[in-house]
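Peer 1: Before anything else, here's the structure in question.
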Amino acid sequence: MSVELGFTLQQGGLAAGGALQMGRAIPMVLSMLLSGFAAERWGMCRSMGFATLLMGTGILCAAMAPLYAALFLALMVTGLGEGVIEGLNTPFVENLHQEEAGRYLNFSHSFWAVGIIISVVLGGWFLNRGISWRFLVGGASLLALPPTLILLLLAGKKAYLERPGRLPWQLVWGQARAILKTPRFWLFFAAMFVAGGDEKARRSSFLTTKYTK
């Protein structure tokens with residue numbers, strides 16, 4: 001991908017590769033912060049459905065990107081959808097399974113690791129056999145279609161009834177302020193920040209070691 005789009009890692013393009021992650025992460029954080037307001041306005045189910053569609057569209061655009069700049073913009077779109085999903089996934093599952101929320105949350109979150117393992121193993125296998133990264137990324141975008149349809153069709157149906165009525169945005173903002181004033185929130189925030197930095201550092205270290213030998 002780096003060679004084809006003009007930011008060859010072997011020639012000092014590691015910063016351009018890292019910028020792609022920043023281009024995805026910043027919109028993701030912003031949309032995550034606003035996901036509560038989206039859920040208040042349109043409901044969690046509908047918000048997640050459109051977010052999944054947005055994420056799939058961004059991934060598909062990334063597969064067809066002719067230039068680095070186009071790939072950067074596509075990942076920004078992907079991040080916008082991903083942020084809403086990250087922000088609403090936990091309360092969505094809790095609303096579905098209020099009697100055993102912890103059990104179902106652990107089950108749903110485990111698919112993050114399962115997806116990474118499957119995509120890395122299968123992706124590497126296909127790449128080693130000469131399959132273009134564009135086909136792999138485009139195929140991944142199609143995986144967003146089933147959950148998009150399920151979520152949008154489920155919204156408003158008896159199978160999934162959200163809390164009646166909508167909270168005023170002032171109340172949602174007040175809840176956010178209350179969370180920010182909780183000391184334990186910042187402790188957890190610091191732990192997640194360090195864990196995220198460790199993950200990114202290990203990836204960067206791998207790339208630097210690989211391409212500087």
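Peer 1: Sticking with the crude label model, points 7 Å out along Cα→Cβ, report the distance from R184 to L149 in nm, one decimal please.
Peer 2: Result: 4.3 nm between the two label points.
Peer 1: Now a separate question. Based on the alpha-carbon gyration tensor of region 36-120 and its eigenvalue square roots a ≥ b ≥ c, which shape applies: rounded if a/c is under 1.5, prolate if not and a/b is larger than b/c, or oblate? Each step should come with its number before you reach the end.
Peer 2: Working: a/c = 3.60, a/b = 1.57, b/c = 2.29.
Oblate, since a/c reaches 1.5 and b/c is not below a/b.
Peer 1: Using the number of other C-beta atoms within 10 angstrom as an exposure proxy, rank R46, R134 with the fewest first. All intermediate terms of the calculation are to be shown ahead of the outcome.
Peer 2: Values: R46 18, R134 14.
By the 10 Å Cβ count, ascending: R134, R46.
Peer 1: Right, next: Take peptides 94-106, 29-41 and line them up by average Cβ neighbours within 10 Å, highest first, as a rough protection proxy. Write down the numbers at each step before the final one.
Peer 2: Values: 94-106: 12.1, 29-41: 17.1.
Packing order, densest peptide first, comes out as 29-41, 94-106.
We did not get these values from a lab; they are worked out from the coordinates using the rules stated. Predicted model only: the values in this text are computed from it and were never measured. FYI the Cβ positions are ideal-geometry reconstructions off the backbone, even for glycines, and counts take in every protein chain you see.
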